[in-house]
């Protein structure tokens, strides 16, 4: 006779969060750690990206998108934040000043992913429908 019981192999976690960061007014859709390990960026349905100091909980908001933010990325040198949203744009911010430094870059579709090149001279965008990748020269 065949057994009807199943085992998933999952175990209960014994880990607990060291920090819980709360400040968004909508669902968090994307997170990324800064390469320095001291800051984290989150993007949300509330149309903002937020920079968190992981130790102190200090937060800075980046505002400018007109629809929910789907994705965020941080440059390797910890100076730039890229955000992509359902408003068909990507934007680039200075992490130290909080100011918009480039954009909006108008995409052909809702932006589903953003990535800086390793030298921070280019920004790649993926459409939310996944059929297109755009590369922008952000130095010009």
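Looking at residue 83 and the list (1) in contact with a strand residue (DSSP E or B) (Cβ under 7 Å, 6 or more places away or on another chain); (2) within 20 Å of residue 27 (Cβ to Cβ); (3) not in a strand (DSSP E or B), which single condition is not satisfied?
(3)
Just for the stretch 20-30: of the residues that are farther than 24 Å from residue 120 by Cα and surrounded by 14 or more Cβ atoms within 10 Å (Cβ to Cβ), which one is modelled with the highest pLDDT?
28
Which residue pairs have Cβ atoms closer than 8 Å, lie 6 or more positions apart in sequence or on different chains, and pair a first residue in the stretch 98-118 that is free of Cβ contacts under 8 Å to residues at least 24 places away in the same chain with a second residue that is exposed (fewer than 15 other Cβ atoms within 10 Å of the Cβ) and part of a strand (DSSP E or B)?
101/94
Residues checked against (1) under 27 Å from residue 109 (Cβ atoms); (2) in contact with a helix residue (DSSP H, G or I) (Cβ under 8 Å, 6 or more places away or on another chain); (3) in a loop (DSSP other than H, G, I, E, B):
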{"site": "37", "(1), (2), (3)": "no, no, yes"}
{"site": "41", "(1), (2), (3)": "yes, no, no"}
{"site": "52", "(1), (2), (3)": "no, no, no"}
{"site": "55", "(1), (2), (3)": "no, no, yes"}
{"site": "62", "(1), (2), (3)": "yes, no, no"}
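A quick yes/no check of all residues on (1) under 14 Å from the mean Cα position of the chain (by Cα); (2) at pLDDT below 95; (3) under 25 Å from residue 97 (Cβ atoms):
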position: 4; (1), (2), (3): no, yes, no
position: 10; (1), (2), (3): no, yes, no
position: 18; (1), (2), (3): no, yes, no
position: 32; (1), (2), (3): yes, yes, yes
position: 39; (1), (2), (3): yes, yes, yes
position: 48; (1), (2), (3): yes, yes, yes
position: 58; (1), (2), (3): no, yes, yes
position: 73; (1), (2), (3): yes, no, yes
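The values are calculated or read from the model by the stated rules, or taken from the named source; none is laboratory data. Quick caveat: nothing in here was measured; it's all calculated off a predicted structure. Using ideal geometry, Cβ is built from the backbone for each residue, glycine included, and neighbour counts are taken over all protein chains shown.
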